[in-house]
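Peer 1: Okay, handing you the structure first.
The values are calculated or read from the model by the stated rules, or taken from the named source; none is laboratory data. Worth saying up front: this structure is predicted, and the values here are computed from it rather than measured. Every residue, glycine as well, gets a Cβ built from its backbone with ideal geometry; the counts of neighbours run over all protein chains shown.
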Amino acid sequence: MKFNEDLAAVHGYLCADGYVVRNLLHQKHKYYRAGLRNMNVVLLMDFQKRFKNYFGVSPKIYRNERCDMHSKEIYFILTKHYSYYSREWVLPKLPKRLMKYWLRAFFDCEGWVFVKSRQNRHIGADSVNHTGLRSIKLALEKLGISSLLKLIKARDISRLYIYGKNNLQRFHDAIGFLHPKKKQSLILALNSYMNYDWTIPKTEIALKKFIKTKLKVKKPFILRTTSIKKDNLVCLSEMIKKLFNIQSKVYGPWINGFGNPYYSLEINKKSEILFVLKENLLASKEKYKLSSNLFK
């Protein structure tokens, strides 16, 4: 088979929720069938269209739950080099421009999108074909998408996870979903990420207000603020020095309880902390906490 966009997608569908079967040799009734089982009509229609584009035959859609055709010739074309059984399918060797169509079809059928704002957003897929899912992980890497693979021993399946905004964005841009609900869920997942880049004010009055929202008293003689972006703190440290002549240092990365890296800006000299009080750079609650510690 010579792969193009249509065959790459058809092959991905068949490996995910599809079938290419014939009668058992001892059976008198002969049949040769290929089709896709899925409850989403958008995917059934895409399979139908792409199948017709490549083979010149249009499978029929039945009760919006499967798209099926009968052809001995097409059966042998499809099975000459490939199997489509759940534990046996093999990801074809495809260039990047075609791989995305195979992956999209596979994830449209087998994948899911989980969205819990600020806590857990990921794309996932399960398969009993451990080797097949490992090959998908490698294919994703070639498209710049990192993923994790986990063995679920109790169910004898492998599970693939795609985490992180950058990886989800790359999946959206390079592969995407045709399945309407999964497509919308991926957009919601991407939109749920906060913008962690700070806009540091350049004027003294605006910077004072900004610092009051960030700087906290952590220990008797330590003022601190944190960010997952080091550049945020470096810029803030420079502006504090420039406008108020207060020295601060940026530390990290540290690792929080969720395993994510972050950085901290600290003012930890008593003389500098007195300057902070003098310049009125703390919120009232933090100022009271600091004053109680300094003047015990």
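Peer 1: Out of curiosity, is Arg50 without any contact (Cβ under 8 Å) to a residue 60 or more places away in the chain, buried (at least 20 other Cβ atoms within 10 Å of the Cβ) and assigned by TED's automatic domain parsing to the domain that holds Gly124?
Peer 2: Values: without any contact (Cβ under 8 Å) to a residue 60 or more places away in the chain: yes; buried (at least 20 other Cβ atoms within 10 Å of the Cβ): yes; assigned by TED's automatic domain parsing to the domain that holds Gly124: yes.
Criteria met by Arg50.
Peer 1: May I ask you to verify whether Phe244 is closer than 18 Å to Lys202 by Cα, touching a helix residue (DSSP H, G or I) at 6+ places or on another chain (Cβ under 9 Å) and among the aromatic types (Phe, Trp, Tyr)?
Peer 2: Against the criterion (closer than 18 Å to Lys202 by Cα, touching a helix residue (DSSP H, G or I) at 6+ places or on another chain (Cβ under 9 Å) and among the aromatic types (Phe, Trp, Tyr)), Phe244 qualifies.
Peer 1: Sticking with this one: Looking at Phe177, Phe171 in this structure, which one is within 14 Å of Lys137 (Cα to Cα) and either at pLDDT 95 or above or among the acidic types (Asp, Glu) (or both)?
Peer 2: Only one candidate passes the filter, namely Phe171.
Peer 1: To continue, here is another question. If you check Lys150, Lys183, which single one turns out to be more than 28 Å from Glu5 (Cα to Cα) and either modelled with pLDDT of 95 or more or in the same structural domain as Val42 (by TED's automatic domain parsing) (or both)?
Peer 2: Lys150
This table checks each residue for (1) in contact (Cβ under 8 Å) with a residue 40 or more places away in the chain; (2) part of a helix (DSSP H, G or I).
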site: Trp198; (1), (2): no, no
site: Arg224; (1), (2): yes, no
site: Leu277; (1), (2): no, yes
site: Leu281; (1), (2): yes, no
site: Lys289; (1), (2): yes, yes
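Peer 1: Looking at segment 235-257, I want the residues that are at negative phi and exposed (fewer than 12 other Cβ atoms within 10 Å of the Cβ) and have a partner that is in a strand (DSSP E or B) and polar (S, T, N, Q) with Cβ atoms under 8 Å, at least 6 apart or on another chain. Which pairs are those?
Peer 2: Here the result reads Trp254/Ser264, each pair linking segment 235-257 to a residue that is in a strand (DSSP E or B) and polar (S, T, N, Q).
Peer 1: Say whether the condition of being small (Gly, Ala, Ser) and assigned to a loop (DSSP other than H, G, I, E, B) is met by at least one residue in segment 74-92.
Peer 2: yes
Peer 1: While we're here: Filter segment 166-203 down to the residues that are farther than 10 Å from Val113 by Cβ and of a type in the set (Val, Ile, Thr), then identify the one that is surrounded by the most Cβ atoms within 10 Å (Cβ to Cβ).
Peer 2: Ile175
Peer 1: Still on this structure, please answer the following. Within segment 112-148, take every residue that is among the basic types (Lys, Arg) and within 17 Å of Arg87 (Cα to Cα) and give me the one that is surrounded by the most Cβ atoms within 10 Å (Cβ to Cβ).
Peer 2: Lys137
Peer 1: Considering segment 39-62 alone, what residues qualify as being part of a loop (DSSP other than H, G, I, E, B) and either farther than 23 Å from Ser86 by Cβ or touching a Phe, Trp or Tyr at 6+ places or on another chain (Cβ under 8 Å) (or both)?
Peer 2: Gly56, Val57, Ser58, Pro59
Peer 1: Which residue out of Arg155, Arg159, Arg224 is touching a strand residue (DSSP E or B) at 6+ places or on another chain (Cβ under 9 Å), exposed (fewer than 13 other Cβ atoms within 10 Å of the Cβ) and of a type in the set (D, E, K, R)?
Peer 2: Result of the check over Arg155, Arg159, Arg224: Arg155.
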